[in-house]
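Shown next, in C-alpha cells, is the structure this report addresses.
The values are calculated or read from the model by the stated rules, or taken from the named source; none is laboratory data. It should be emphasised that the depicted structure is a prediction, and the values quoted were computed from it without experimental measurement. When we count neighbours, we look across all protein chains shown, and the Cβ atoms used for this are built from the backbone with ideal geometry, even at glycine.
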Amino acid sequence: MAVLLAFALLLPVCAFSQSKKELEDKRKKIIRDIQSTERMIKKTAKNKEAAYDRYLALQSQIQSREALIRNLQAEIGAAEDGIVRNQMVIASLSNDVTKMRNEYGRTVRNAFRRKTLSNPILYMLSAESLNQVFRRWLFLRKYDDRRTEQAEAIRLTQEMLSKKSSSLEETRLDKENLLISIQGQKATLTGELTEKNSMLKDLGRDETRLKSDLEKKQATHEALNNAIEGVIQEEVRKRVEEARSKPKAATPKIEAPEKKPSASPTSTPSATEKTKPATPEAKPRADEDNVSFNFRKSKGRLPWPVESGFISRGFGKQKHPTLKNIEITNNGVDIRTEEGANVRCVADGRVAGIQFVPGHDYTVIVQHGDYYTVYTNLASSSLSKGDELKARQIIGQVSTNNITGTSELHFELWQQKERLNPAVWIKK
C-alpha cells in the first residue's frame, strides 16, 4: 500500500513536468520575440525620423517583457509546487524503505531461528512422508521467493528515492536561477519604461510633424483600401454569379432531400448555425464550399505570415499612441519584422490579384474560397493572377522604409466584403 501511495504521489509530479515544459517553451518564444524587437529598436536608434516607429517597438518590447516576467513567476510557482510534491514523495519512500527493511529483518531472523536458512535439507528430510517433503519444499521455495521480492522492492524503492532527491535539488536550483532572472528582467523593464516616457515627451514636442506624416499615410491607406476593395468585390461578384447558375443544374439532385428535411444537413442552412453554435466546424454549411470550410476551421491556428516579429498596430479603431484626440482605423494588422523577411501565404489558396500602390509597394491578394488574405508592403512579387499557392509558400519579401529603416508587413483578412481581425485567426 505504501508503494502504491508513492506512485499516486508521483502522478502530479508528471503533470508538473508537462506544465514545466510548456512554460519553458513559452519563455523561450517570448525571449526570441524580445531579441528580435531589440534588433529593430537598435536599427532605428540614431534615426530621428524613425522615433515614432521606435516608440511602437519599445511599447511592444515592454509588453513582451511583462509577459516574460509573468511567465517566470508562473515557473517559480510551478517549481515551488514541484518541491512540495517531491518532498512528500521522498518522505513516503523513506517510510516505505524503513518498513520494508524491518519486515525483511524479521523474516531473516525467523528463518534463522527455525534453522531453515542454515540447513534446509535436514528440514525436508525430517518430514514424515513424501507428501510432507514436497509441501516443505514448496514452502521453502515460496519463502525464498518472498525474501527475494522484498530485497528487490527495497532496491527499487531506494533507487526511486535517490532519483527524487536529485530531482528535488535540481528543482531548487531552477527556482534560484528563475528568481535571479526575474530580478534582472524587472530591472530592465524599469529602464524601458523610463525610456518610453522620455520618448513620449519628445514625440509630444514633435506633434506638428507627426500630424503631417499621419495625413500622408492616411491618403496612401485610402488608395490601398480602394485597390483591395476593387479586387475583392470583383471576385465576390464572380462567385455570386457562379452560385446563381448552379441551382438550375442541381435541381433534380436536391428534390429528394426536401422530402426529409431532418435527414439532410443542407436543408436548413441558417437554422443549423443558430441552433448548434458549439459545433460550427463539424461540416460545411449549405452555402459554403470545401475551401471556405477548411479555411474557417483553421481559425486560431493559421501560421504567421512572417517567421518573426510583433504586431505594431492592431485591428480596428484605436487611439493614436502619441497624438491626443486622434483616432486611427486599421483594416488589418501591421507586423514589424526583420529586414528582407520572407512573407508566406497562411493557407492554400489562389492569387486573386496583385496591385502596386505608391507608399505601400506591392500588394498580393489570395483567395481561399469565401475568404481573402491580403499581404501589403512587399518589395516585389513574381506571382501572377490565378497562381495556386500552398500554405507557408513564400510570396515575396517585406519592403523596408527608406526614411525610417523599418520593415513592416500590413496583413488583412476578409470574408467576402467583411473585414475580420487577423490577430484572432493566426496562432498566438
Query raised in the report: Given (1) at pLDDT below 85; (2) farther than 22 Å from K427 by Cβ, where does N290 come up short, assuming only one miss?
Result: (1)
Report summary line: Within segment 336-388, the residues that are over 19 Å from I426 (Cβ atoms) and touching a residue at least 60 places away in the same chain (Cβ under 8 Å) are E339, G340, A352, G353, Q355, V357, P358, G359, H360
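Residues checked against (1) in contact with a Ser or Thr (Cβ under 7 Å, 6 or more places away or on another chain); (2) modelled with pLDDT of 90 or more; (3) crowded, with 16+ Cβ neighbours inside 10 Å; (4) among the aliphatic types (A, V, I, L, M):
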{"site": "N377", "(1), (2), (3), (4)": "yes, yes, yes, no"}
{"site": "S384", "(1), (2), (3), (4)": "no, yes, no, no"}
{"site": "T400", "(1), (2), (3), (4)": "yes, no, yes, no"}
{"site": "L409", "(1), (2), (3), (4)": "yes, yes, yes, yes"}
{"site": "K417", "(1), (2), (3), (4)": "no, no, no, no"}
Query raised in the report: V306 fails exactly one of the following numbered conditions: (1) closer than 28 Å to R65 by Cα; (2) modelled with pLDDT of 90 or more; (3) touching a helix residue (DSSP H, G or I) at 6+ places or on another chain (Cβ under 6 Å). What is the number of that condition?
Result: (3)
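In this structure, is T107 at pLDDT below 70, more than 19 Å from K186 (Cα to Cα) and buried (at least 18 other Cβ atoms within 10 Å of the Cβ)?
Spelling it out, it is not the case that T107 is at pLDDT below 70, more than 19 Å from K186 (Cα to Cα) and buried (at least 18 other Cβ atoms within 10 Å of the Cβ).
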**Report entry** Criterion (at pLDDT 70 or above, touching a helix residue (DSSP H, G or I) at 6+ places or on another chain (Cβ under 9 Å) and more than 30 Å from I31 (Cβ to Cβ)) met by exactly one of M124, M88
**Finding:** M88
Requested in this report: Examine segment 347-356 for a residue that is surrounded by fewer than 22 Cβ atoms within 10 Å (Cβ to Cβ), part of a strand (DSSP E or B), in contact with a strand residue (DSSP E or B) (Cβ under 9 Å, 6 or more places away or on another chain) and of a type in the set (F, W, Y), and state whether such a residue exists.
Outcome: yes
Query raised in the report: Can we say R155 is within 30 Å of R101 (Cβ to Cβ), modelled with pLDDT of 75 or more and basic (K, R)?
Result: yes
Report summary line: Checked T329, T404 against criteria (in a strand (DSSP E or B) and among the hydroxyl-bearing types (S, T, Y)); the one match is T329
Requested in this report: Scan S166, S162, S94 and give me the residue that is of a type in the set (G, A, S), part of a helix (DSSP H, G or I), in contact with a helix residue (DSSP H, G or I) (Cβ under 7 Å, 6 or more places away or on another chain) and modelled with pLDDT of 70 or more.
Outcome: S94
Report task. Any chance you could count how many residues in segment 336-346 are surrounded by 20 or more Cβ atoms within 10 Å (Cβ to Cβ) and acidic (D, E)? Result -> 0
